[in-house]
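Worksheet: one structure, shown below.
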Amino acid sequence: MLPYRFRKCGYGLIIASVLLLPLGLLLANVFAIIPQTHTRFISMVMYLLFFLGVFLIVMTEEKDEDEMI
């Protein structure tokens with residue numbers, strides 16, 4: 001189990017992936033700043049960040065966990 005402070009990192013990764021996925025796809029599809037061939041890579045990285053954030057949240061201890069839990 002990970003310490004409780006990793007839960008904040010997990011929430012940060014989830015928020016970052018949810019906000020950056022539409023932005024990355026918008027930059028690739030509409031504004032053509034990022035090449036069109038990189039959209040699959042962008043979405044894969046954002047999904048991995050999302051699942052890593054969920055993993056961090058699930059694997060952290062509760063704040064007041066003791067031997068009775």
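The values are calculated or read from the model by the stated rules, or taken from the named source; none is laboratory data. Remember, predicted model here, so these are calculated numbers, not experimental data. For neighbour counting, all protein chains shown are included, and Cβ atoms are generated from backbone atoms with ideal geometry for every residue, glycine included. Accessible surface is based on the protein model in full, side chains and every heavy atom, while ligands, DNA and RNA are left aside. Shrake-Rupley method; radii C 1.70, N 1.55, O 1.52, S 1.80 Å.
For the chain, a simple Cβ point-charge model (Lys and Arg +1, Asp and Glu -1, everything else neutral) yields a dipole of about 540 debye relative to the Cα centre. Using the rule -39500 (n - 2.57) for each DSSP H run of four or more residues, divided by the residues of the chain, the 222 nm mean residue ellipticity is -22000 deg cm²/dmol. Close amide H pairs (under 5 Å, H built 1.01 Å from N) link THR60 with LEU2, residues at least 5 positions away or on another chain.
Projecting the Cα atoms of MET44, THR60, MET1 onto the charge dipole of the chain, computed from C-beta unit charges around the Cα centre, puts MET44 farthest toward the positive end. What the Cα atoms of the chain give is an Rg and a Dmax of 16.3, 56 Å.
Residues in the chain average 78 Å² of solvent-accessible surface per residue, probe 1.4 Å, ligands and nucleic acids excluded. Here the simple spin-label model places points 7 Å from the Cα toward Cβ, and for ILE15 and ASN29 these points are separated by 2.6 nm.
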